Amino acid sequence: MRKRGQHHVKKIYAVSASLLLFGGLLAGCGGNNNNAANNTAGTNGGENAATETDSSKPVTINMFTASPEYTDAFNAYIAEYKKVKPNVTINLEIMQADYNTVLKSKIAAGSTPDVFQTTAGGDIDTFAEYSADLTNEPLAAAMTDAVRANMTSSDGKVLGLPVKGNLFVLMYNKKLLADAGITEVPKTTVELDDAITKLEAKGITPFANAYKEWWVWKHIFQHFVDAAAMDAGIDAKTLVANFIAGETTFKDHPVLYDNFFNFIDTTVKHGTDKPLERDSNAEVSDFALGKAAFMTGKGAWDEEAIKKITPDFDLGIAGYPVSDKAEQSQIITGADQALRINKDSAVAAETIEFFNWLYTSDYGKSWFSTVAKVIPPIKDAPMPDLQMPKEMDEILKTEKSGDLSVNYSLDTFHQKFGELMQAYIGGSKTKDQAIDEIQKAWIQFGSAE
């Protein structure tokens with residue numbers, strides 16, 4: 001998440017991995033005292049919303065997000081919109097570390113921002129009562145099918161909009177793999193072991209990790225969840241629902257009980273030193289400087305930060321080798337972060353009008369790729385001039401995307417999951433202790449219900 005990437009880097013770049021906001025966003029909140037002025041703008045079609053706004057009276061829209069990496073890009077569209085609607089002022093407030101806690105406090109106090117950020121998937125339902133219905137708006141019609149699905153509640157309403165499409169992959173340094181004589185990117189666990197042997201024979205550290213961050217764990221884990229679902233003959237959403245319901249366990253799924261933990265052990269054993277002290281920025285630096293061949297837990301938002309450090313870096317992307325089945329090594333695409341428009345905001349109509357402009361105007365369509373430099377969440381928009389989106393396009397011509405299965409659990413669960421995995425690699429919990437607590441956390445925090 002960097003201004004130039006996307007996801008969680010904690011300072012300049014951001015932090016999480018996924019649609020605009022990847023930064024750890026959110027999960028259930030307390031009650032809201034804000035139901036007073038139920039502004040109907042949220043349920044009107046875009047044409048109606050546009051005619052209801054008065055372009056002479058001053059309007060202030062307050063946006064609260066967790067994506068510092070997009071500060072410059074947001075300020076650019078705010079300045080451009082001022083030319084279109086001089087009466088509209090957009091105040092941007094961005095925070096990272098305590099975003100979820102502060103958002104919940106704002107909602108509980110009845111001071112919900114006009115625009116706020118959450119994760120997608122299950123959290124679309126978690127925040128449904130605070131969110132304008134965007135189903136019939138031009139912005140919803142403009143979304144790609146995969147993104148629209150990620151923004152849709154369980155009762156079929158579009159309640160969020162992403163700043164970007166996301167891409168979750170195992171990144172690799174093409175030059176270092178070539179130096180080690182690796183001609184094919186590993187797709188199976190055996191091929192990965194062979195690649196590690198070849199890299200270390202050349203004195204190359206295989207893995208850069210950012211295990212100090214809780215959110216990188218969910219990005220890795222979802223690739224194994226998809227494989228476990230494939231092995232069980234069900235979709236990932238059903239598998240996650242079964243865990244949340246307490247109807248299955250890791251022991252029922254060897255890809256989770258064995259392969260996932262083996263992979264983590266491998267990345268620690270054959271990775272950069274002091275893994276619990278390496279944050280997102282440190283990992284990006286390690287990888288960009290050629291100190292490791294692969295980078296775990298990250299995604300498309302990192303490319304600009306890597307290229308800023310090493311402009312001629314030759315970056316490759318791949319699915320994770322999760323099993324002995326090459327077809328289970330898949331890149332994952334979709335949208336895992338959502339902006340929400342407060343349905344009770346006094347300026348809901350003007351806010352919807354603004355985002356309809358961003359999603360449908362010529363400026364807006366080009367903003368995603370040329371200013372924010374993200375994978376556009378809308379149809380008929382150009383891809384940014386970056387390696388990862390271009391490689392994604394090529395891969396998806398012949399291979400299917402994996403399911404963005406982080407969307408089926410809430411971030412309260414994902415944060416606990418990351419903390420338990422940190423305890424596991426730190427040695428304070430055994431594998432079985434960590435698994436037991438992960439399964440309990442999935443039941444406790446897994447669902448918006």
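The values are calculated or read from the model by the stated rules, or taken from the named source; none is laboratory data. Note that the structure is predicted; figures quoted are calculated from it, not measured. Because the Cβ atoms are built from the backbone with ideal geometry, glycine has one as well, and the counts that use them run over all protein chains shown. Just the protein is used for accessible areas: all its heavy atoms, side chains included, with ligands, DNA and RNA removed. Shrake-Rupley method; radii C 1.70, N 1.55, O 1.52, S 1.80 Å.
Here are some notes:
- The GNM of the chain, with springs linking C-alpha atoms under 10 angstrom apart, assigns the highest mean-square fluctuation among 267, 183, 119 to 183.
- FRET efficiency for residue 232 and residue 443, using Cβ-Cβ distance with R0 set to 22 Å, rounded to 0.05: 0.75
- Summing charges over all other residues whose Cβ lies under 15 Å from the Cβ of residue 117, with Lys and Arg as +1 and Asp and Glu as -1, gives -3.
- In Å², nearest 10: area of residue 193 left accessible to a 1.4 Å probe: 80 Å²
- Of all lysines in the structure, the ones whose alpha carbon falls short of 21 Å from that of residue 373, not counting any fewer than 8 places away in one chain, are 3, 10, 11, 164, 298, 307, 308, 365, 390.
- Rolling a 1.4 Å probe over the protein heavy atoms gives the chain an accessible area of 37 Å² per residue.
- P(r) tail fraction, the stretch 291-341 - alpha-carbon pairs more than 19 Å apart, %: 44 percent
- Å³ per residue enclosed by the Cα convex hull of the stretch 68-204: 201 Å³
- Largest accessible area first, the listed residues 385, 155 line up as 385, 155 when surface is computed with a 1.4 Å probe on the assembled protein chains.
- The H on the amide N of residue 331, modeled in the peptide plane, is under 5 Å from the matching H of 319, 402, each at least 5 residues off or on a different chain.
- Distant alpha-carbon pairs in the stretch 192-346 (separation over 18 angstrom), percent: 64 percent
- Per-residue HN-Hα couplings for the stretch 146-152 [Karplus 6.51, -1.76, 1.60; θ = phi - 60°; Hz; x = Gly/Pro]: 5, 5, 4, 4, 5, 9, 9
- Two-site FRET efficiency, residue 75 against residue 154, from Cβ-Cβ distance with R₀ of 30 Å, rounded to 0.05: 0.30
- Derived scalar couplings ³J(HN,Hα) [the stretch 314-321; Karplus, 6.51 cos²θ - 1.76 cosθ + 1.60; whole Hz; x for Gly, Pro]: 9, 9, x, 10, 7, x, 7, x
- For residue 164, the residues whose amide H sits under 5 Å from its own are 20, ignoring neighbours fewer than 5 places away on the same chain, with H placed 1.01 Å from N.
- Fraction of the pair-distance distribution of the stretch 139-255 above 26 Å, Cα-Cα pairs, percent: 44 percent
- Shown is the FRET efficiency for residue 361 and residue 95, computed with R0 = 30 Å from the Cβ-Cβ distance and rounded to the nearest 0.05: 0.55.
- Equivalent ellipsoid dimensions for the stretch 312-397 as semi-axes, Å, which come from the Cα gyration tensor, largest first: 33, 18, 10
- Most mobile of 311, 138, 382 in a GNM of the chain (Cα contacts under 10 Å): 311
- Here the chain is treated as a sphere whose radius is the Kirkwood value from Cα pairs; by Stokes-Einstein at 4 °C and 1.567 mPa s it diffuses with a coefficient of 59 µm²/s.
- Whole-number Å³ per residue for the convex hull built on Cα positions in the stretch 322-449: 181 Å³
- Electrostatic bookkeeping for residue 421 treats Lys and Arg as +1 and Asp and Glu as -1; over the other residues with beta carbon under 13 Å from its beta carbon, the sum is +1.
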